[in-house]
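Asker: What follows is a single structure, and I will ask about it in a moment.
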Amino acid sequence: AGSPAAAAGVWGKCSVGIMVRKDTKGTLKVRDLAEGGPAARSGQVAVGMQLVSVDGVLVKGLHNRQLAALFQGPADSGVTVRLLSLDGEKEVEVSLIREPLVARDT
């Protein structure tokens, strides 16, 4: 059993709004995007895509805190995320700008 989820976009921190989950093989997949966050607005990141690397660091095998630390950083700083397309055919590189994420009332 893998970890339930890593909140790569932790509320109240500067991040890009990508939440991931480990599947049974240890592969990290996008499980959710923060509504209105940088990743969602980019239109290039989708739920179900496999996360390959963050700023050139391969993410397979990383613990939740290590992964969150890669996504988090100063407001307005850049981060490059590499993902595998939903069809598994190609890798996609997405450049995002970190910003404060605010929890929305539901």
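Asker: Going through the range 71-85 one residue at a time, which ones are among the aliphatic types (A, V, I, L, M) and modelled with pLDDT of 95 or more?
Answerer: Within the range 71-85, VAL79, VAL81, LEU83, LEU84 meet the criteria.
Asker: Is it the case that the range 10-30 has a residue that's assigned to a strand (DSSP E or B), open to solvent by 40 Å² or more (accessible area, probe 1.4 Å), over 16 Å from PRO100 (Cβ atoms) and touching a helix residue (DSSP H, G or I) at 6+ places or on another chain (Cβ under 7 Å)?
Answerer: Looking for residues that are assigned to a strand (DSSP E or B), open to solvent by 40 Å² or more (accessible area, probe 1.4 Å), over 16 Å from PRO100 (Cβ atoms) and touching a helix residue (DSSP H, G or I) at 6+ places or on another chain (Cβ under 7 Å), one finds none in the range 10-30, hence no.
Asker: Output the qualifying pairs, or none if there are none: Cβ atoms under 9 angstrom, residues six or more apart or on different chains, first residue in the range 59-76 and under 16 Å from VAL94 (Cα atoms), second residue in a loop (DSSP other than H, G, I, E, B) and open to solvent by 70 Å² or more (accessible area, probe 1.4 Å).
Answerer: Final answer for the pair search is LEU70/ASP55; PHE71/LYS13; GLN72/LYS13.
Asker: Let me ask you something else. Report, by residue number, each residue of the range 58-106 that is outside any loop (DSSP other than H, G, I, E, B) and open to solvent by 60 Å² or more (accessible area, probe 1.4 Å).
Answerer: Selection gives LEU58, ARG65, GLN66, ALA69, ARG82, GLU91, GLU93, SER95, ILE97, PRO100.
Asker: Which ones in the range 45-57 are buried (at least 16 other Cβ atoms within 10 Å of the Cβ) and either at positive phi or assigned to a loop (DSSP other than H, G, I, E, B) (or both)?
Answerer: VAL45, MET49
Asker: Take the residues in the range 31-44 that are among the hydrophobic types (A, V, I, L, M, F, W, C) and open to solvent by less than 30 Å² (accessible area, probe 1.4 Å); name whichever of them is modelled with the highest pLDDT.
Answerer: ALA39
The values are calculated or read from the model by the stated rules, or taken from the named source; none is laboratory data. Just so it is clear, the structure is predicted and the values come from calculations on it, not from any experiment. For neighbour counting, all protein chains shown are included, and Cβ atoms are generated from backbone atoms with ideal geometry for every residue, glycine included. Calculation scope for accessible area: heavy atoms of the full protein, side chains included, ligands and nucleic acids excluded. Shrake-Rupley method; radii C 1.70, N 1.55, O 1.52, S 1.80 Å.
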